[in-house]
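The values are calculated or read from the model by the stated rules, or taken from the named source; none is laboratory data. The model shown is predicted, which means the values in this text are computed figures rather than measured ones. Counting neighbours? That spans all protein chains shown, and the Cβs are built from the backbone with ideal geometry, glycine included. For the accessible areas, the whole protein counts, side chains as well, though only heavy atoms, and no ligand, DNA or RNA atoms are used. Shrake-Rupley method; radii C 1.70, N 1.55, O 1.52, S 1.80 Å.
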Amino acid sequence: QAQALELAEVVWKPDLHPETRCALRALTQRGLKAAAAPTRARAVALASRPGLELSAEIPLLLQDPAPEVRRAALQTIVPLPQVVSADTLLPWLHDPDSEVRRLCERALRQRGLNSDNIRLGRLI
């Protein structure tokens, strides 16, 4: 499955044939639920691609037990403010993984929060 997702990243383009897009979408959905954390992380990156329409599933992986998957989800969410609100991101300012915390802060800044807002978010 991981190799299939790697290949999907290579062949993906915005104007894919509808059948190919549907197959990539199904592959990505399975990848988001895979047992292996690296596979879930790879699927997160693919899920945000236009045409696959899986961005709404990415926030669910913020709860993933593997930090690498949470990192991938946050990296993907940073440029997609319509997918997750700033309020929803606040708990990840307290994540045990320092990179997750850094990515969360970056996402919050891109949503217009300043240092005082983020400091307050850490206190909540």
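Observations on the structure shown:
- The set of residues in segment 64-87 being at pLDDT 90 or above and either in contact with a His (Cβ under 7 Å, 6 or more places away or on another chain) or surrounded by 14 or more Cβ atoms within 10 Å (Cβ to Cβ) (or both) consists of Asp64, Ala66, Pro67, Glu68, Val69, Arg70, Arg71, Ala72, Ala73, Leu74, Gln75, Thr76.
- Output for segment 5-26, where each listed residue is part of a helix (DSSP H, G or I) and open to solvent by less than 40 Å² (accessible area, probe 1.4 Å): Leu5, Ala8, Leu24, Ala26
- Gln29 being modelled with pLDDT under 95, among the polar types (S, T, N, Q) and open to solvent by 50 Å² or more (accessible area, probe 1.4 Å): no
- The one condition in (1) closer than 25 Å to Pro50 by Cα; (2) modelled with pLDDT of 95 or more that Pro96 fails to fulfil: (1)
- Any hit, segment 49-63, residues being open to solvent by 70 Å² or more (accessible area, probe 1.4 Å) and either of a type in the set (Val, Ile, Thr) or in contact (Cβ under 8 Å) with a residue 60 or more places away in the chain (or both): no
- Subset of segment 41-89 (residues that are closer than 18 Å to Arg111 by Cα and of a type in the set (D, E, K, R)): Arg71, Asp87
- Of all residues in segment 94-124, those being surrounded by fewer than 18 Cβ atoms within 10 Å (Cβ to Cβ) and hydrophobic (A, V, I, L, M, F, W, C) number 4.
- Helices (runs of 4 or more DSSP H) contained entirely in segment 42-124, each with at least 2 residues that are β-branched (Val, Ile, Thr): 67-77
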